[in-house]
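Notes for the one structure printed next.
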Amino acid sequence: MLFIILITILPTILIYLFFDKLIKSFYLKLSFSWFGGQYILAIYTFVIAVTLSLFGLNNLLQKALTVSFISIAIVSFILYRQIFTIVNSALREIKLNPKTLFKIGFLALIFLFSFYFYKPHLVLRGGSIYTSPVYWDFKWHAPLIQNFVYGDNFPPQNESFAGVAATYHFFWGFLTAIYASKVGLISAINYISILSLFFLLTTIVGFGEEVFKSFWTGILAALLTITSSSLHFVPYFKNALNQREPFPHIIKSLLFNTSHPFFFSFVPGNPYGYNGTMFNMFYFLAERQIVIGVIFLIFFAWVIYKKDNLTNTNLIIMGLLGGSYFLWHLFITIMIFSALLFLVIVDKERKKTLSLLIPFSLVFIIHLLYFKHLTNSGWFYPDVKSFPKINFNFPTMGKEYPFSILHALGYYVYGYGFKIILLFIGLFFLKKKDTKLFLTLLSVIIPTFILINTVQLSPLSIYDNHKWLRPMNVIIDLIASFALYQLFTSRKLRILSFIFGVFLFILSTMSGFLELMPFLNSQPTNLYARYPSPLILSIRNTTKPQSTFLTQLYGKEVQLAGRKLFLGDYAGQDLRLKKRLREEIINQIYSTTSLKTFCSLTRQYKIDYVEGTQTPLALTLSSDPITKQEDNQMPFIEVKKVCGKYP
């Protein structure tokens, strides 16, 4: 546990040294320092692990993490005077006045919310893993993390399509794996998830305090972020009133709502194709890499805003590090790339922007070309090269609401509700008070909104564009909260302005609060797997880390043990991988009557273990006595033993 605390705190303090003179807001300094520390820690550790893999070593993550920790300790020792000065100065600045106590108390509330938002959705209880009904992405998160911890998956391969390089953003899984290697899978996922949301909300508050010059703008933005502003509340309360429910009963039903969070995010009748998961906290729960990605987005918004106060060297370094976010979250990296291009076009002061854009583009394009090269593999369908492509169908819902300008307008009006009014009020005030900030935030919103509604980046679906929409909405929340703050503090028509602001705030959070409660009231009722079961431990202790398994019954156990599957329960076709071809190969392996053919196929496709509970026909007919593992806890055939005599 001490190790975990140290690799959380020490990198944060080291990055804090850089931000100390650049940022006044403690909230923003703290959150950016945590993000920067974890970002560099993960990249540095990953590079070491990949380098060590070239020497044929095993237990790569542990060795790489040891090198990283020693490096952090050395740097901390070298800079101990600066660290001591910073810490001492921070402690001296703390004055126990009402304002400071309020800020500390608000930090505590943010942490408690983050804790209770994630904790009910994943637990290890009685030797078994349980998830909530809505956290179904765990079945993809767990294999990704475990293959780094126990499978020496360096350079990374697809853990459910063995032998093919990873072609998705995997670094959130790697960061979590760093902690999982010390405290276990479940604790690590919860730890990183809770800290990510805590520091995201801290970032939002700090950005309001630092950039908008208003602590209350930040608080309002945090509240808007955890809620949503749709018109869902209209049919909800209309239905309750039609049933003549007493008001206390309506409130009780709202607060203790235990509906499935995903399905409750839709409205009966699907007005305008409304999908609440695109706007509420669903994707912060299901796709947790988005949370830390939004911190990166806000960080780069700050860099763009403050670029005139940063040296060209700093901008070049930040550009290089920014382009490297490709492996953390492709969609958000494209958002930043688009924002920089937008500013080069519309901003008169282009030199500083180019100092960011050129190094950012260099790293981004290298990653893009590498990923395009990977898709030349014969395991991908040729049409994967057709992505990205033009697609206008994001604001639609099947045949019921096909694309039209009117339907798209209805989709966004229903989805954003009264927040649209706040957005335009906020932009009006920003244009008057801070043109540079106005342009900075527009550079994120305008290109991203165009991408959402015109480009399909993912082979999975146009609806995968929530990976753009949800981060963009946090920027919209910041602008809307600035509008609220202006209304609350306006000196003209003071009472009317304040009442109007309260009215818009309530209408802009009511649906979000309505849809938030099922997430908070969820319970981990779904049994995922026993962990660690005797089978998981047997696989982990008796097979090589990079082994590939062919199994239809024990996929969860194999992947929780940190091993790869030849074909697993993964959205393989979503990445346009030839899932059907692998299914045909599996059928060949299990149906062949020739042991020689069995051995040829398994060796050709580098399969190390084949499930023995459904013994392949070739082994059933073979006179070779070695057909199954004798240990009942390992129901797999070791290909090497069976096929030893075949070249």
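Side notes on the structure shown:
- Residues within region 76-93 that are open to solvent by 50 Å² or more (accessible area, probe 1.4 Å) and touching a helix residue (DSSP H, G or I) at 6+ places or on another chain (Cβ under 6 Å), tallied: 1
- Within region 335-357, being touching a residue at least 40 places away in the same chain (Cβ under 8 Å) and either acidic (D, E) or open to solvent by 60 Å² or more (accessible area, probe 1.4 Å) (or both) holds for L341, V346, D347, E349.
- Evaluation of P268 against (1) under 23 Å from P471 (Cα atoms); (2) open to solvent by 40 Å² or more (accessible area, probe 1.4 Å); (3) not in a helix (DSSP H, G or I) (one fails), failing number: (1)
- T454 being farther than 20 Å from I295 by Cα, surrounded by fewer than 17 Cβ atoms within 10 Å (Cβ to Cβ), in contact with a Phe, Trp or Tyr (Cβ under 7 Å, 6 or more places away or on another chain) and not hydrophobic (A, V, I, L, M, F, W, C): yes
- The residues of region 228-238 that are under 32 Å from the mean Cα position of the chain (by Cα) and either assigned to a loop (DSSP other than H, G, I, E, B) or free of Cβ contacts under 8 Å to residues at least 12 places away in the same chain (or both), listed by number, are S228, S229, S230, L231, H232, V234.
- Between L321, L297, the distinction of being open to solvent by 10 Å² or more (accessible area, probe 1.4 Å) and aliphatic (A, V, I, L, M) belongs to L321 only.
- Residue match in region 494-509 (condition: open to solvent by 10 Å² or more (accessible area, probe 1.4 Å), touching a residue at least 24 places away in the same chain (Cβ under 8 Å) and of a type in the set (F, W, Y)): yes
- Candidates V67, V50: the one that is under 24 Å from the mean Cα position of the chain (by Cα) and closer than 26 Å to R540 by Cβ is V50.
- Selection status of I462, hydrophobic (A, V, I, L, M, F, W, C), touching a Lys or Arg at 6+ places or on another chain (Cβ under 9 Å) and crowded, with 16+ Cβ neighbours inside 10 Å: no
- Hits in region 518-564 (condition: of a type in the set (A, V, I, L, M) and surrounded by fewer than 23 Cβ atoms within 10 Å (Cβ to Cβ)): L520, L527, A529, L535, L537, L553
- Selection count where residues are assigned to a helix (DSSP H, G or I) and under 24 Å from the mean Cα position of the chain (by Cα), scope region 559-602: 6
- Test result for F237, open to solvent by 40 Å² or more (accessible area, probe 1.4 Å), of a type in the set (F, W, Y) and either closer than 27 Å to E515 by Cβ or touching a Ser or Thr at 6+ places or on another chain (Cβ under 6 Å) (or both): yes
For every residue, the table says whether it meets (1) more than 22 Å from the chain's Cα centre (by Cα); (2) under 20 Å from I506 (Cα atoms); (3) at pLDDT 95 or above; (4) open to solvent by 20 Å² or more (accessible area, probe 1.4 Å).
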| site | (1), (2), (3), (4) |
| --- | --- |
| A180 | no, no, yes, no |
| V183 | no, no, yes, yes |
| N190 | no, no, yes, no |
| S196 | no, no, yes, no |
| T202 | no, no, yes, no |
| F207 | no, no, yes, no |
| T225 | no, yes, yes, no |
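- Of note, R244 does not satisfy the criterion of being basic (K, R) and under 17 Å from the mean Cα position of the chain (by Cα).
- Of all positions in region 406-415, none carries a residue that is β-branched (V, I, T) and closer than 28 Å to F296 by Cβ.
- Restricting region 146-155 to residues that are open to solvent by less than 20 Å² (accessible area, probe 1.4 Å) and more than 11 Å from K564 (Cα to Cα) leaves a set whose member that is nearest to the chain's Cα centre (by Cα) is V149.
Residues are listed down the side, and each one gets a yes or a no for (1) part of a loop (DSSP other than H, G, I, E, B); (2) among the basic types (K, R):
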{"site": "P133", "(1), (2)": "yes, no"}
{"site": "W136", "(1), (2)": "yes, no"}
{"site": "N147", "(1), (2)": "no, no"}
{"site": "G151", "(1), (2)": "yes, no"}
{"site": "P155", "(1), (2)": "yes, no"}
{"site": "A162", "(1), (2)": "yes, no"}
{"site": "G173", "(1), (2)": "no, no"}
{"site": "I178", "(1), (2)": "no, no"}
{"site": "K182", "(1), (2)": "no, yes"}
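- Only a single criterion out of (1) surrounded by fewer than 21 Cβ atoms within 10 Å (Cβ to Cβ); (2) over 16 Å from H169 (Cα atoms); (3) hydroxyl-bearing (S, T, Y) is not satisfied by T375, namely (2).
- R244 fulfils the conditions (1) more than 30 Å from R540 (Cβ to Cβ); (2) crowded, with 16+ Cβ neighbours inside 10 Å; (3) of a type in the set (D, E, K, R) except for a single criterion, (2).
- Lone qualifier among L220, L241, L254 - being closer than 30 Å to K24 by Cα and in a helix (DSSP H, G or I): L220
- Qualifying residue in region 396-404 (condition: out of contact with any helix residue (DSSP H, G or I) (no Cβ under 7 Å at 6 or more places or on another chain) and either of a type in the set (A, V, I, L, M) or within 30 Å of Y305 (Cβ to Cβ) (or both)): no
- Hits in region 603-647 (condition: modelled with pLDDT of 85 or more and either part of a loop (DSSP other than H, G, I, E, B) or of a type in the set (G, A, S) (or both)): Y605, K606, I607, D608, P635, C643
- Of all residues in region 94-127 being of a type outside the set (K, R) and closer than 23 Å to I15 by Cα, the one that is surrounded by the most Cβ atoms within 10 Å (Cβ to Cβ): I110
The values are calculated or read from the model by the stated rules, or taken from the named source; none is laboratory data. Every value quoted in this text rests on a predicted model; they were computed, and no experiment measured them. Cβ coordinates were reconstructed from backbone atoms using ideal geometry, including for glycine residues, and neighbour counts include every protein chain displayed. Just the protein is used for accessible areas: all its heavy atoms, side chains included, with ligands, DNA and RNA removed. Shrake-Rupley method; radii C 1.70, N 1.55, O 1.52, S 1.80 Å.
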